[in-house]
Amino acid sequence: MTSKLSTIDDDSANLIWHDMLEGNRRFAEGKQEHARQDVDTRKGLVDAQHPKAAVLSCADSRVTPEMIFDQGIGDLFCVRSAGSILDSAVVESLEYAVRKLGVKVIVVMTHENCGAIQAAMEGGHDDELPHLMRELGDAVECAKDAELDDPADVERIHAARVIERLVDQSDVIRRAVADDRLYIAGARYAMSTGLVEVLSF
C-alpha cells in the first residue's frame, strides 16, 4: 500500500501530522510545551472529545504517544496493543475514531527494541502468545525473504503490514482512505533518540 496525503483534506491532514512531528521534535530535544494539560482543558472535555488523530502503538510502558508527540488531553485517540498488532477490538476502536470522532489521520507506530518483535525473531512463544507471534512472525518472514536481519527493519516491515491488514480488514477505514477522508501514516519511534521516523511504503 502506498501512503499518500489526501487531495481533499490535504491541508488539514498535513497540518495535523506536521504538528505531531513538531511535538515529537520538542520531546526529543527536551523542550516539551505540555500544552492543553490544564484543569480548564480537562473540564472542557467532559461532555465530548474531538481528537485530531488516532495512534496505534505498542503497549510498551516506554512508548506513550501523548508524550512522544507532546500533545495534550483530548488531542490523540490512542489504541495500544503489545507489538502494535491488530485484533477485532483494535480495528473497531480505530473505526470508531474515524466514523464517530472524525479523525483525519491514523498513525501506526512501531518502536525500537520492541520486546514482542525480538521474541518473534528468536522463534517466539507460540504456545503462550499464539496470535501475537503469528502476526509478528509475518513481518519476520518478510524480512528474512528480503535478507534483512536487523530488528529495525522488522519493525518497519511490521508497520507496513499492519497498515495493509487494517485497510484490508476494515470497510470503514478502506472507504475513508478511498474517499480521501483519511491519511494513514507509518512510523517507528527510536527510544535512543526520542525521534519518530516517518515511514514511506
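The values are calculated or read from the model by the stated rules, or taken from the named source; none is laboratory data. All values reported here derive from a predicted model rather than from experimental measurement. Backbone-built Cβ (ideal geometry, glycine too); neighbour counts: all protein chains shown. Ligands, DNA and RNA are excluded from the accessible area calculation, which covers all protein heavy atoms including side chains. Shrake-Rupley method; radii C 1.70, N 1.55, O 1.52, S 1.80 Å.
So which residues in the stretch 100-122 are outside any loop (DSSP other than H, G, I, E, B) and either in contact (Cβ under 8 Å) with a residue 40 or more places away in the chain or within 20 Å of S200 (Cα to Cα) (or both)?
Correct list: V105, I106, V107, V108, M109, T110, H111, G115, A116, I117.
Given the structure, is G83 crowded, with 18+ Cβ neighbours inside 10 Å, at positive phi and either part of a helix (DSSP H, G or I) or among the hydroxyl-bearing types (S, T, Y) (or both)? I'd like the intermediate steps shown before the answer.
Numbers: crowded, with 18+ Cβ neighbours inside 10 Å: yes; at positive phi: yes; either part of a helix (DSSP H, G or I) or among the hydroxyl-bearing types (S, T, Y) (or both): yes.
Here the answer is yes, as G83 does meet what is asked.
Return yes or no: is E164 open to solvent by 10 Å² or more (accessible area, probe 1.4 Å) and more than 15 Å from the chain's Cα centre (by Cα)? Explain how you work it out, then say what you get.
Values: open to solvent by 10 Å² or more (accessible area, probe 1.4 Å): yes; more than 15 Å from the chain's Cα centre (by Cα): no.
Considered against the rule, which asks whether it is open to solvent by 10 Å² or more (accessible area, probe 1.4 Å) and more than 15 Å from the chain's Cα centre (by Cα), E164 comes out as no.
It is to be established whether one or more residues within the stretch 17-28 are open to solvent by 50 Å² or more (accessible area, probe 1.4 Å), touching a His at 6+ places or on another chain (Cβ under 9 Å) and touching a residue at least 60 places away in the same chain (Cβ under 8 Å).
no
Those residues that are part of a helix (DSSP H, G or I) and either among the basic types (K, R) or surrounded by fewer than 23 Cβ atoms within 10 Å (Cβ to Cβ) (or both), I need them from the stretch 32-79; list them, please. Before the answer, list the steps.
Residues of the stretch 32-79 part of a helix (DSSP H, G or I): 39-44, 65-68.
Selection gives V39, D40, T41, R42, K43, G44, E66, M67.
Can you tell which of A89, A97, A143 is at pLDDT below 95, out of contact with any Ser or Thr (no Cβ under 7 Å at 6 or more places or on another chain), in a helix (DSSP H, G or I) and of a type in the set (G, A, S)?
Values: A89 fails: at pLDDT below 95; A97 fails: at pLDDT below 95.
When all the criteria are applied, what remains is A143.
Would you tally the residues in the stretch 184-198 being closer than 20 Å to V103 by Cα and either at pLDDT below 95 or open to solvent by 30 Å² or more (accessible area, probe 1.4 Å) (or both)?
1
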